[in-house]
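Notes follow once the structure below has been shown.
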Amino acid sequence: MSNRYAVVLAAGKGTRMKSKLYKVLHPVLGKPMVHHVVDQLKSLQLSSITTVVGFGAEKVQDQLGNDSEFVVQEEQLGTGHAVQQAEKFLQDKQGTTIVVCGDTPLLTKETLQAVLDYHEEQQAKVTILTAHAENPTGYGRIIRDDHNQVEKIVEQKDATAEEQQVQEINTGTYCFDNQLLFEALKNVSNDNAQGEYYLPDVIQIAQKEGEKVVAYQTDDFHETIGVNDRVALSKAEQYMKERINEQHMRNGVSIIDPNQTYIGTDVNIAEDVTIHPGCVIQGNTTIEKDAEIGPNAEVNDCHIGEGTVLRHSVANSSYIGARVQVGPFAHIRPSANVGNDVKIGNFVEIKKSKIDDKSKVPHLSYIGDAEIGSGVNIGCGTITVNYDGKNKYLTKIEDDAFIGCNANLIAPVTVGKGALVAAGSTIHEDVPGDALSISRVKQLNKEGYAKKYK
Ligand code: UD1
Ligand code: MG
């Protein structure tokens, strides 16, 4: 492990978001902003990651789990005060501390690595990650002296008209000599427009003491966007979407309309997959080659096998094998395990069920808590009656069984291998293998009765 440490600032309530949700928990492409930040830091081989959370922000801790240590900032008195809360973990450490805001979700590990390396190469005490902004409104401005050295950072609200013209902005990411950081923080005051203890004031303090302060400017402003309100949130979503879609397209994925395609950061897609317009694909999802997703599909935490086609459908937390046809208008709910060459047709709902190779559920069925073998045909409108209002029960349908249309299979029940269930049957007892089971009222025809009745 290196002597590099990270502090993530995530305690601010985010009043500008006007939300009951802590700002850093607002998702970008389905993942909370702070988790994007921590995921990038995790790949940098740091000795520790400490996240500063607000009082009562258990949800932030639940979200990050073991990916971070936590300190609580009881009152939100500013970014400098927030970093001070990490002192108890870091005060004895020699090395570099990188501080990142939890509301800058687009930062990449490559940029964070570059700032750390630059800081150490330069043997600087402070390195600020800066960017050039066409419209710098809202960001702290980097003020340089006559020798082009960084002198200080001025917040929007404290900036003079001249300072507001400066387009080099503070991205909110910094590397500090750890010892200097906590010493300097003791001297930060809250004498400013917002009455807050500003972390950027450490720069001026270090500068005055003759310590080396440098800036590392990235050429990608989009990567550094700080999300303070919902307008910026939508921009972050858009930039990240563009970045991810472009990566997939360069890797051999056809995305028909990248504007209408939302793919999360943890999705793996193989070559020659086609994504049609209107798709949201998130979580830990893997899509194997030659699959086709959409138009209009939602896929979350799923495996989608080679050559599978999923159109106008929703799939969650499930495994779907190769060459499966899903939809249009199917709903695959969590814990479905679908084999190869299966058909799941229109208006079919599958939940917590295993369906083996070459079986078909083509139309209008509910399959819940079921184990279906291979080569099974489930007729239109068939329902596994899995719930008695208190408990859920298992339906087993063995290989090559044929279930006629509109059957009710009242669980717990087993239909044996090769058995036939007649259409319209309500099956509440096991059906032996190779048997025909028919359970419906005998039909009665009354000759001429309809004519008389009319
Ligand atoms: C901050 C910087 C600004 C920079 C911008 C980049 C300061 C004073 N200003 O402004 O120079 O251009 O980020 O996006 O640092 N937080 C706490 N505790 C607090 C206050 C904030 O943990 O008491 C956290 C927030 O949750 C957030 C981060 O610190 O993740 C930054 O706070 P925010 O209020 O968003 O600062 P900005 O106004 O964006
Ligand atoms: Mg911010």
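The values are calculated or read from the model by the stated rules, or taken from the named source; none is laboratory data. Everything numeric here is computed off the predicted structure, so don't read it as measured data. So basically every Cβ, Gly included, is an ideal-geometry build from the backbone, and we count neighbours across all protein chains shown.
Details
- If the condition is being among the β-branched types (Val, Ile, Thr) and crowded, with 19+ Cβ neighbours inside 10 Å, then the range 386-412 contributes 395, 397, 403.
Residue-by-condition table, conditions (1) in contact with a helix residue (DSSP H, G or I) (Cβ under 8 Å, 6 or more places away or on another chain); (2) in contact (Cβ under 8 Å) with a residue 60 or more places away in the chain; (3) under 17 Å from residue 133 (Cα atoms); (4) within 16 Å of ligand 1 (Cβ to nearest atom):
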| site | (1), (2), (3), (4) |
| --- | --- |
| 189 | yes, no, no, yes |
| 192 | yes, no, no, yes |
| 200 | yes, yes, no, yes |
| 215 | no, yes, yes, yes |
| 223 | yes, yes, yes, yes |
| 228 | yes, yes, yes, yes |
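- Pairing each residue of the range 134-152 that is acidic (Asp, Glu) with any residue that is surrounded by 10 or more Cβ atoms within 10 Å (Cβ to Cβ) and not in a strand (DSSP E or B), provided the two are 6+ apart or on different chains, yields C-beta distances under 7 Å for 151/145; 151/207.
- Test: residue 47 is touching a helix residue (DSSP H, G or I) at 6+ places or on another chain (Cβ under 9 Å) and surrounded by fewer than 22 Cβ atoms within 10 Å (Cβ to Cβ): no
- Hey, residue 321 over 25 Å from residue 284 (Cα atoms), assigned by TED's automatic domain parsing to the domain that holds residue 433 and not polar (S, T, N, Q) or not: no
- Annotation note: of 411, 422, 435, the sole residue that is over 44 Å from the mean Cα position of the chain (by Cα) and under 23 Å from residue 363 (Cβ atoms) is 422.
- Residues of the range 83-93 that are in a loop (DSSP other than H, G, I, E, B), surrounded by fewer than 21 Cβ atoms within 10 Å (Cβ to Cβ) and more than 10 Å from ligand 1 (Cβ to nearest atom): 91, 92, 93.
- Selection status of residue 34, more than 10 Å from ligand 1 (Cβ to nearest atom), crowded, with 21+ Cβ neighbours inside 10 Å and among the β-branched types (Val, Ile, Thr): no
- Of the numbered criteria (1) out of contact with any helix residue (DSSP H, G or I) (no Cβ under 7 Å at 6 or more places or on another chain); (2) away from ligand 1 (no atom under 13 Å from the Cβ), the one residue 67 fails is (1).
- Residue check, residue 52 within 19 Å of residue 129 (Cβ to Cβ), in the same structural domain as residue 218 (by TED's automatic domain parsing), within 14 Å of ligand 1 (Cβ to nearest atom) and not charged (D, E, K, R): yes
- Residue in the range 17-24 that is at pLDDT below 95, among the aliphatic types (A, V, I, L, M) and within 16 Å of ligand 2 (Cβ to nearest atom) present: yes
- With respect to the conditions (1) at pLDDT 95 or above; (2) out of contact with any strand residue (DSSP E or B) (no Cβ under 6 Å at 6 or more places or on another chain); (3) away from ligand 1 (no atom under 16 Å from the Cβ); (4) of a type in the set (S, T, N, Q), residue 40 falls short on a single one, namely (3).
- Scanning the range 213-237 for residues that are surrounded by fewer than 16 Cβ atoms within 10 Å (Cβ to Cβ) and away from ligand 2 (no atom under 16 Å from the Cβ), we see that the one that is farthest from the chain's Cα centre (by Cα) is 217.
- Yes/no for residue 58 being under 29 Å from the mean Cα position of the chain (by Cα), at pLDDT below 95 and of a type in the set (D, E, K, R): yes
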